[in-house]
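S.K.: One structure follows; several queries about it will come next.
The values are calculated or read from the model by the stated rules, or taken from the named source; none is laboratory data. From a predicted model like this one, the values you see are computed outputs, not experimental measurements. Using ideal geometry, Cβ is built from the backbone for each residue, glycine included, and neighbour counts are taken over all protein chains shown. Ligands, DNA and RNA are stripped out before the accessible areas are found, and what is left, the full protein with its side chains, is counted by its heavy atoms. Shrake-Rupley method; radii C 1.70, N 1.55, O 1.52, S 1.80 Å.
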Amino acid sequence: MTVVAIAVAVAYLAAGLLATFLPADVRGGTWLPLHLALAGASLTAIGGVMPFFTAALAAATPAPRWLRVAVVALLACGIGLAAGGRTAGVAVLAVAGGVLVVVGLVGLLAAAFLPLRGSLATRRPGIWAAYAIAIVEVAIGVTLAVADLEGDPAIAAAWPLLKPAHAWLNLFGFVSLVIATTLVHFLPTIAGTRIVRRPALDVALLTLGAGPILAALGFVTVAPLLVGGGALLEVVGAIALVVGVAGIVRDRGRWTTDLGWHRFTLGSLIAGVAWFCAGTAAAAWPAVENGASADAWDVRLVLAPLVIGWTAQAIVGSAAHLLPSIGPGGREAHAAVRRSLGRFWLSRIAAFNGGIVLLWATTLGGPAPLAPVGIVLVALSVGAAVGLVTIGIAVGRAAPGAESASRHDDRGTSNRT
């Protein structure tokens, strides 16, 4: 289910990039690309990956398969219905899609925390608390959007201030908090170092969890100090995350095989953290300056750095590490995928991040022709990664002895389990 969720997330990411070429009145400005790439890709990926990670952290049996399947299906289908219904002007479909997403989030909370019942390992309460807070925050954010789509008069009248609250809860309270929390235990694995407690990462999880809550409360209650305080806490969390990640990178292992693959996965996540810091500062500036007003949120400031540079790049980097580990095929296929993903790793990272620079420059007032070039660079980078994975799986399966190696791996996994 983790692999399926990653595949669906990449498809949503590609759909979001393609949606940018639709007429502005059809895509609703940035609404459709933003929600396909952010809500569709991130919700589906997190829905499949979080139960996998929490089961590993708890060293326990994962949640029942039917529940994990249902979570991914509800989230993926719900986002599709919501995006399609709003774009087509069919409010019933959009509301139904939003309701499916909320139900899927309730299921995700259960799937993520059920492994705790049989846990014999250290439970790392900070990580578990951050995951729970993130799911609650996005459930509130999605509920606000569903109420607006349903046409509630009170919500519609207050939407100029509820919209930034919705954005802070979803983008910072859920997506960013989940990615940052996952990096605490996932990045050391990628870097080849021990998972140890780092004070900077404790500060990051605390402030990244509290910041969006304060900012959203500030918008809802029209309290400028809460909005500004929440935004500043988010900046502190971003800086603390950079410090913690720098410590992990400093302690990284020295790989002797598959160097290109290791450098691509680690480099993608490091670049994503850098974009998160830049995007958080860009989002916090108008919030501190304008307080609880509609001018305190401008999606153009965060679309490139946070949605593509941070979220999309985290999905790509994480998938590049997970697929050669738990993806289809046996030992030979996994090794072939690692070799394949290691090819032209620096060029692909440069193309992806160069495209983000061009997109951000456009949204900040740069020449309009830069935007299509940036989108093409990002799309080529993602497409190249997908193509290399496909080629690697095909080569691995065609290798002599691949089938017997796969059967041997299956028996080994069963025995270890």
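S.K.: Consider only pairs whose beta carbons are under 6 Å apart and that are at least six residues apart or on different chains; among these, list those whose first residue lies in region 226-250 and is among the aliphatic types (A, V, I, L, M) and whose second residue is outside any helix (DSSP H, G or I).
M.R.: Every condition considered, the pairs that remain are V227/G291; V227/A292.
S.K.: Could you check region 367-379 and list, in sequence order, the residues that are under 19 Å from W275 (Cα atoms) and among the small types (G, A, S)?
M.R.: Answer for region 367-379, where residues must be under 19 Å from W275 (Cα atoms) and among the small types (G, A, S): A371, G374, A379.
To keep it simple, each residue is scored yes or no on (1) among the hydrophobic types (A, V, I, L, M, F, W, C); (2) in contact with a Pro (Cβ under 9 Å, 6 or more places away or on another chain); (3) modelled with pLDDT of 90 or more.
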site: V69; (1), (2), (3): yes, no, yes
site: L100; (1), (2), (3): yes, no, yes
site: G104; (1), (2), (3): no, no, yes
site: R123; (1), (2), (3): no, no, no
site: A139; (1), (2), (3): yes, no, yes
site: A147; (1), (2), (3): yes, no, no
site: P153; (1), (2), (3): no, no, no
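S.K.: Right, here's the next one. Do the conditions hold for A130, that is, is it hydrophobic (A, V, I, L, M, F, W, C) and closer than 18 Å to F186 by Cβ?
M.R.: For A130, the condition - hydrophobic (A, V, I, L, M, F, W, C) and closer than 18 Å to F186 by Cβ - is met.
S.K.: Which one is surrounded by the fewest Cβ atoms within 10 Å (Cβ to Cβ) among residues in region 272-292 that are in contact with a Gly (Cβ under 7 Å, 6 or more places away or on another chain) and aliphatic (A, V, I, L, M)?
M.R.: V288
S.K.: Now for a separate question. Sort out for me the helices (runs of 4 or more DSSP H) sitting completely within region 285-391 that have 1 or more residues that are of a type in the set (S, T, Y).
M.R.: Passing ranges, in order: 313-326, 331-341, 345-363.
S.K.: Here's another thing I want to ask about it. Looking at this structure, is R343 open to solvent by 50 Å² or more (accessible area, probe 1.4 Å), over 20 Å from L171 (Cα atoms), in contact (Cβ under 8 Å) with a residue 40 or more places away in the chain and out of contact with any Leu (no Cβ under 7 Å at 6 or more places or on another chain)?
M.R.: In short, no.
S.K.: Is it true that T193 is part of a helix (DSSP H, G or I) and of a type in the set (S, T, Y)?
M.R.: So T193 fails the test.
S.K.: Among the numbered conditions (1) assigned to a loop (DSSP other than H, G, I, E, B); (2) modelled with pLDDT of 90 or more, tell me where P62 comes up short.
M.R.: Failing condition for P62: (2).
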